[in-house]
Amino acid sequence: MAERAKTKTVNTSKDKELSLTVQGPETDAGLIVSARATAKEVGLPIYPGSIPHKDQDKDNDSPAAKLGLWGTSFGFKLVVLKMESKDAPRKVADYYQRALAKYGTVLDCTNAARPQQAKDKNSEKLTCGDDKPETGGMLFKAGTKDKEHIVGVQPNGTGAVFQLLYIKARGEKNNPA
């Protein structure tokens with residue numbers, strides 16, 4: 001007799017999170033959408049003295065987000081934190097270049113003249129690709145194609161607004177049948 005898959009759903013508007021998980025003998029799938037995320041989940045420290053950034057034009061804007069979708073042979077996770085500091089953008093950028101170094105070579109995609117392509121498309125080596133910062137900003141990346149850590153820093157008056165991103169992808173090439 002086949003075992004039935006178990007489904008768990010959590011939807012709480014107070015927490016701004018939706019989670020759905022299906023588990024069974026041959027099934028492991030789920031979805032999470034959340035307006036909450038932590039520095040631990042993004043894998044980078046919070047810049048000292050910074051605070052969550054909320055766009056003043058948007059009432060329902062959240063300074064954090066988490067999105068995950070996975071199945072037995074694939075998975076995707078995105079974690080975003082948007083923060084602000086009274087310190088100069090260059091000071092914030094220097095801090096995060098040092099923090100990103102724990103994930104390997106730090107790519108400065110700020111002035112990437114043209115997209116950098118890996119010679120071997122199956123290479124795990126991270127490139128700037130088409131990623132570039134908004135005008136006047138800075139963009140840094142470290143990690144691998146499957147586990148990217150990205151920091152974008154923008155001027156905001158005399159201070160800075162910055163985004164911390166973690167992107168994890170898992171697919172057939174990483175999980176052969």
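The values are calculated or read from the model by the stated rules, or taken from the named source; none is laboratory data. Because the structure is a prediction, the values reported are computed rather than measured. Note that we place each Cβ from the backbone using ideal geometry, even for glycine, and neighbour counts take in every protein chain shown.
Look at the stretch 93-118: where a residue is surrounded by 12 or more Cβ atoms within 10 Å (Cβ to Cβ) and part of a loop (DSSP other than H, G, I, E, B) and a partner is acidic (Asp, Glu) and at pLDDT below 95, sitting 6+ places away or on another chain with Cβ atoms under 6 Å, you get CYS109/ASP131; PRO115/ASP130. All of (1) closer than 21 Å to MET138 by Cβ; (2) buried (at least 17 other Cβ atoms within 10 Å of the Cβ) hold for ALA39 with one exception: (2). In the set (1) surrounded by 13 or more Cβ atoms within 10 Å (Cβ to Cβ); (2) at pLDDT below 95; (3) not charged (D, E, K, R); (4) not in a strand (DSSP E or B), the condition left unmet by GLN56 is number (1).
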